[in-house]
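Notes for the one structure printed next.
The values are calculated or read from the model by the stated rules, or taken from the named source; none is laboratory data. If you're wondering where the values come from, they're calculated on a predicted model, not measured in any experiment. Quick reminder, even Gly has a Cβ in these numbers, built from the backbone with ideal geometry, and neighbours come from all protein chains shown.
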């Protein structure tokens with residue numbers, strides 16, 4: 001419509017801060033943090049007071065790290081593209097400040113520059129890394145490894161606030177191609193998969209969060225207090241610009257961020273490099 005292609009949202013996902021309740025209590029955390037400074041102080045206390053090896057597990061650059069880093073930029077008022085999506089805007093004071101904050105977890109020894117592959121769930125359960133930022137799919141693995149009694153030992157909290165408390169939002173959409181030979185049948189499938197009851201059943205099978213708001217009132221979802229926090233976070237979440245070149249630019253961003261987190265590259269210089277690469281690629285709009 002109007003030159004824009006639209007899809008019907010199928011499922012959504014967003015990221016929260018997972019934390020060990022028992023170790024937070026041991027660290028003297030009586031009130032959950034709500035801002036950047038509080039999150040970092042909590043992660044540090046997990047090391048100094050609760051005996052954790054690392055305070056938090058956050059991705060030190062490399063593939064997909066933009067999904068964890070950019071929410072801090074967004075919460076600081078930054079955007080990665082202009083409103084008309086014709087130009088990328090990485091090289092800004094707001095994004096630089098956010099990357100510096102993120103980098104400080106590594107320079108201060110609170111987060112590891114490299115953790116063993118597939119170690120997140122075991123490290124969380126055994127308490128060596130009692131905090132991390134991720135999506136709802138993590139819960140099933142944690143519950144399975146930790147056992148029935150472990151559910152009460154951990155919780156999830158909203159992303160920390162700077163100017164806002166913005167997280168990343170992702171998911172998947174359905175579209176029906178104009179040239180499809182089965183457009184009517186395809187649309188019936190989309191309608192069925194978008195039905196609240198179907199969405200709830202799909203969540204039970206996949207842990208993909210429903211995109212249809214009314215599905216969130218189903219007892220299968222309301223019975224889980226952790227899911228309610230994910231629902232709350234979805235009220236303040238952003239996606240990257242919907243442009244054809246995003247994956248190319250995201251790869252350049254991830255590469256530069258790895259240098260920032262692992263070798264101490266200056267965030268401002270890294271973002272200038274990202275901006276130059278993004279300008280050469282363009283948005284495609």
Practice task
Identify, from the list 202, 216, the residue that is over 30 Å from residue 73 (Cβ atoms) and either under 24 Å from the mean Cα position of the chain (by Cα) or touching a residue at least 40 places away in the same chain (Cβ under 8 Å) (or both).
Solution key: 202
Handout entry: Complete set of residues in the stretch 116-152 that are in contact with a helix residue (DSSP H, G or I) (Cβ under 7 Å, 6 or more places away or on another chain) and within 15 Å of residue 52 (Cα to Cα)
Key = 121, 122, 124, 125, 127, 129, 130, 131, 132
Exercise for the section: Look at the stretch 99-120 and say how many of its residues are at pLDDT below 95 and on the phi > 0 side of the Ramachandran plot. Expected result: 1
Fill in the blank from the handout: (1) over 26 Å from residue 136 (Cβ atoms); (2) touching a residue at least 40 places away in the same chain (Cβ under 8 Å); (3) in contact with a helix residue (DSSP H, G or I) (Cβ under 7 Å, 6 or more places away or on another chain) all hold for residue 51 apart from (3)
Fill in the blank from the handout: Among helices (runs of 4 or more DSSP H) completely within the stretch 80-188, the ones holding 1 or more residues that are in contact (Cβ under 8 Å) with a residue 60 or more places away in the chain and loosely packed, with under 14 Cβ neighbours inside 10 Å are 93-107, 138-146
Handout entry: Selection within the stretch 264-280 - within 14 Å of residue 89 (Cβ to Cβ) and touching a helix residue (DSSP H, G or I) at 6+ places or on another chain (Cβ under 8 Å)
Key = 271, 274, 277, 278
Exercise for the section: Test residue 25 against the stated conditions and say whether it is more than 15 Å from the chain's Cα centre (by Cα), loosely packed, with under 14 Cβ neighbours inside 10 Å and in a helix (DSSP H, G or I). Expected result: yes
